[in-house]
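Everything below concerns the one structure shown next.
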Amino acid sequence: MSSLPKLRIGQGVDVHAFTTGDHVVLGGVRIPHTHGLLAHSDGDVLIHALCDALLGAAALGDIGHHFPDTDPVYRGADSRKLLRHVMQLLAERAWSVVNADMTLLAQAPRVAGHIPQMLACLAEDMGVSVDQLSIKATTSERLGFVGREEGIVAMAVVMLAASV
Ligand code: MG
């Protein structure tokens with residue numbers, strides 16, 4: 001076992017439903033839209049999936065365990081703060097991020113044009129280079145709840161390496 005590289009993979013998935021509103025927050029970026037995302041926090045489904053992937057890779061539970069939605073502290077929370085907190089938990093355990101690959105599944109809004117800004121936000125919060133991060137966006141070809149514009153799905157996969 002000791003000769004194996006100390007690498008860990010993690011995955012995260014999150015879903016938020018649309019509700020009344022005039023913008024969504026995805027990857028730390030505010031995007032004007034005809035609806036908002038229903039959530040206890042700012043509803044940043046992409047950051048939530050990313051946090052779950054990071055926590056999963058380190059076997060540290062999930063975002064609901066660390067930031068319970070019953071706790072008023074996290075009402076309307078800026079998810080970038082949650083991400084920075086998760087990165088602190090990893091740093092305390094000497095884990096470094098090798099890369100993260102994320103996918104947004106959304107019929108609307110169109111997010112492709114916002115991806116460079118999302119990457120910049122996430123790289124800053126994670127203390128990594130933009131080229132260690134990837135965000136892709138796709139629709140569901142109008143199929144299912146995503147296609148009916150009832151909500152957005154985000155998925156993330158990360159790899160961690162022991163930094164010592
Ligand atoms: Mg969430």
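The values are calculated or read from the model by the stated rules, or taken from the named source; none is laboratory data. Remember, predicted model here, so these are calculated numbers, not experimental data. Backbone-built Cβ (ideal geometry, glycine too); neighbour counts: all protein chains shown. SASA here: full protein model, heavy atoms, side chains in, ligands and nucleic acids out. Shrake-Rupley method; radii C 1.70, N 1.55, O 1.52, S 1.80 Å.
Between segment 54-69 and segment 93-136, what is the separation of their alpha carbon centroids in Å? Centre-to-centre distance over Cα atoms comes out at 19 Å.
To the nearest 10, the accessible area of residue 6 is 110 Å² with a 1.4 Å probe. In terms of the Cα gyration tensor, with a ≥ b ≥ c the square roots of its eigenvalues, is segment 16-133 rounded because a/c is under 1.5, prolate because a/b exceeds b/c, or oblate? Oblate, since a/c reaches 1.5 and b/c is not below a/b. Projecting the Cα atoms of 144, 7, 74 onto the dipole axis of the chain, where Lys and Arg carry +1 and Asp and Glu carry -1 at the beta carbon, places 7 farthest toward the positive end.
With a 1.4 Å probe and all protein chains left in place, how much accessible area per residue does segment 1-160 have, in Å²?
On the way: 8040 Å² over 160 residues.
Accessible surface, normalised per residue, equals 50 Å².
Is segment 55-113 best put as rounded, prolate or oblate by its Cα gyration tensor, with a ≥ b ≥ c the root eigenvalues, rounded for a/c under 1.5, and otherwise prolate when a/b is larger than b/c, oblate when not? Because a/c hits 1.5 or more and a/b fails to exceed b/c, segment 55-113 counts as oblate.
With respect to the chain, whose longest principal axis is taken over its alpha-carbon atoms, helix 115-126 is tilted by about 40°.
Among the protein heavy atoms, those of residue 155 account for about 80 Å² of accessible surface (1.4 Å probe, every chain in place). In this Cβ point-charge picture (+1 for Lys and Arg, -1 for Asp and Glu), segment 7-162 has a dipole of about 160 debye about its Cα centre.
Mind pulling the angle between the C-alpha long axis of helix 45-57 and the longest principal axis of the chain? Nearest 10 degrees, somewhere in 0 to 90. Compared with the principal axis, the helix lies near 20 degrees. Note that segment 94-103 has calculated 3J(HN,Hα) couplings of 6, 9, 10, 7, 7, 7, 9, 10, 10, 10 Hz, one per residue in order, obtained from phi through the Karplus relation 6.51 cos²θ - 1.76 cosθ + 1.60 (θ = phi - 60°); glycine and proline are x.
Residue 142 contributes an accessible area of around 150 Å² to the protein surface, as traced by a 1.4 Å probe with all chains present.
Computing the accessible area with a 1.4 Å probe over protein heavy atoms, can you report the carbon and sulfur percentage for the chain? Don't jump to the answer; show the numbers that get you there.
Values: 4570 of 8310 Å².
Within the chain, the accessible surface is 55 percent carbon and sulfur.
Helix 79-92 against the longest principal axis of the chain: what's the angle in degrees, Cα atoms only, rounded to the nearest 10? Orientation of helix 79-92: about 10 degrees from the principal axis. Protection proxy ranking, highest mean first, for peptides 68-78, 111-121, 46-56: 46-56, 111-121, 68-78, where packing is the per-residue count of other beta-carbon atoms within 10 Å, averaged.
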